[in-house]
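This report refers to the structure that appears directly beneath it.
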Amino acid sequence: MTKVAMITGAAQGIGAEVSRHLAQDGFDIAVADLPGQESKAQDVISEIEKIGQKAIFVPVDVTDQAAVKKAVDEAADKLGGFDVMVNNAGVAKVDKFADIKPADLEFSYKINVFGVIYGIQAAAAKFEELNVPGRIINASSIAGMHAFPVWATYSSTKAAVISITQDAANEYAHSHINVNAYAPGVVGTTGMWDEIDKKMSEINGKPIGQNKKDYVGTIPLGRTVEPNDIANMVSFLAGPKADFITGQTYAVDGGGLL
C-alpha cells in the first residue's frame, strides 16, 4: 500500500529534493507551499510523476494554524492517506544583533517556530484519526545547536525547534508517532551564504568571499551541505529503519560542529 508524505516549502530547494527522495522511496507526495509558488511546484510534481508516484500541490501559509490543518486534510483526502509530515518551510534572517527589529523576530518566529508547531498539531491529529503510526520530521539547523554571529534570530528559532521536537516526541509516543528533526549546516547552493558573508564582512572587515572560504575550511569533510545530503537524512527518518528513533535532532554538516 502506497504511503503519503506532505512536505512544506516543497516548491524549491531542500523541500523539492526531499519530495523527490520520498517519491523514490514509494511515497505519494503533497507538495505544500505558498499559493504563489504553484508554478514551481508543478515542476516538482512532474518529476515525481516521472518516478511513478502521485503528487499534488497543496497551497498553505504555515503561519496560519487553520490553513495548515486544512492542507493536511486536503492531502489526506486527495491522496488517500497520511503517513509522514515534513515541516521544512523556513526563513533565515541575517542581522547584526544590534539591528534586530520586532518585525524580524515576528516574521522568523511565525514561520520557523509557529509553523512547525502547527504542522505537528495537524499531522498528529490526522495520524490519530487514521490510527497511523506516523512520522513527523522538522527542520532545525546546526545554528540551533551552536549559535552563529549575525544569526541570533535564526539560531534562536532553530533551537526552539529542537526543544519542540523533544516535547512532541514525548507527548505523541503513546500514539506511536515518531517526531525527529534534521539540522543542516550551511547549504552551498542557496543564496543564504552571500547574505551571511556580507554581514560578517561588515563586522570583521574581511573581504567579501573570505568568510565563506574560512567557514568551509573548518568543515572536516571539506564542503558545504547539498540538498541531497539533507534529503538522505529525511528519507532515513521517514523509513522503517528509524522505527525506534524519536525526539532526536541530527546534524547534517560534514562534521562542522566537531
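Read-outs: derived from the displayed coordinates by stated rules, not from any lab. Model, not experiment: these values are computed from the prediction. Counting neighbours? That spans all protein chains shown, and the Cβs are built from the backbone with ideal geometry, glycine included.
Summing charges over all other residues whose Cβ lies under 12 Å from the Cβ of Pro227, with Lys and Arg as +1 and Asp and Glu as -1, gives -2. Per-residue ellipticity at 222 nm from helix content only, as computed over the chain with -39500 (n - 2.57) for each DSSP H run of at least four residues, stands at -14500 deg cm²/dmol. Comparing Asn138, Ile219, Gln42 along the charge dipole axis of the chain, the residue lying farthest to the positive side is Ile219, per the Cβ-charge model.
Diffusion of the chain by Stokes-Einstein, at 20 °C in a medium of 1.002 mPa s and with Rh set to the Kirkwood radius over alpha-carbon pairs, works out to 116 µm²/s. The Cα center of region 198-229 and the Cα center of region 22-39 differ in position by 31 Å. Each Lys or Arg adds one and each Asp or Glu subtracts one; over the other residues with Cβ under 14 Å from the Cβ of Thr2, this totals -1.
For the pair Ile203 and Ser39, the difference between a 0.36 nm per residue extended length and the Cα-Cα distance amounts to 55.2 nm. Averaging the sequence gap over all C-alpha pairs within less than 8 Å and six or more residues apart, then dividing by the number of residues, gives the chain a relative contact order of 18 percent. Work out, in µm²/s and without decimals, the Stokes-Einstein translational diffusion coefficient of region 22-103 at 4 °C, 1.567 mPa s, Rh from Kirkwood over C-alpha pairs. Stokes-Einstein gives a translational diffusion coefficient of 90 µm²/s. Across region 176-181, computed HN-Hα scalar couplings (Karplus, 6.51 cos²θ - 1.76 cosθ + 1.60, θ = phi - 60°) run 6, 10, 8, 10, 9, 9 Hz from first to last residue, x flagging Gly and Pro. Per-residue 3J(HN,Hα) values for region 105-117, derived from phi via the Karplus relation 6.51 cos²θ - 1.76 cosθ + 1.60 with θ = phi - 60°, read 5, 4, 4, 5, 5, 4, 7, 6, 10, 4, x, 5, 4 Hz in sequence order (x marks Gly and Pro).
For Lys199, the aspartates and glutamates whose Cα comes closer than 20 Å to its Cα, not counting residues fewer than 8 places off in the same chain, are Asp95, Asp99, Asp104, Asp214. Mean separation of Cα pairs under 8 Å and 6 or more residues apart, divided by the residue count, gives region 7-142 a relative contact order of 24 percent.
For region 136-146, putting each phi into the Karplus relation 6.51 cos²θ - 1.76 cosθ + 1.60 with θ = phi - 60° gives couplings of 10, 10, 10, 8, 10, 5, 5, 5, x, 9, 8 Hz, in residue order, rounded to whole numbers and with x for Gly and Pro. Along the axis of the charge dipole computed for the chain (Cβ charges of +1 for Lys and Arg, -1 for Asp and Glu, origin at the Cα centre), the listed residues Phe236, Ala103, Leu258 are led at the positive end by Leu258. Past 27 Å, Cα to Cα, is the threshold; run Lys40/Lys69; Lys110/Lys198; Lys212/Lys241; Lys40/Lys101; Lys3/Lys241; Lys3/Lys93 against it and keep the listed order. Checking Cα-Cα distances, Lys212/Lys241; Lys40/Lys101; Lys3/Lys93 exceed 27 Å. Give, as a single signed number, the net charge of other residues whose beta carbon lies under 12 Å from the beta carbon of Gly239, with Lys and Arg counted +1 and Asp and Glu -1. That works out to 0.
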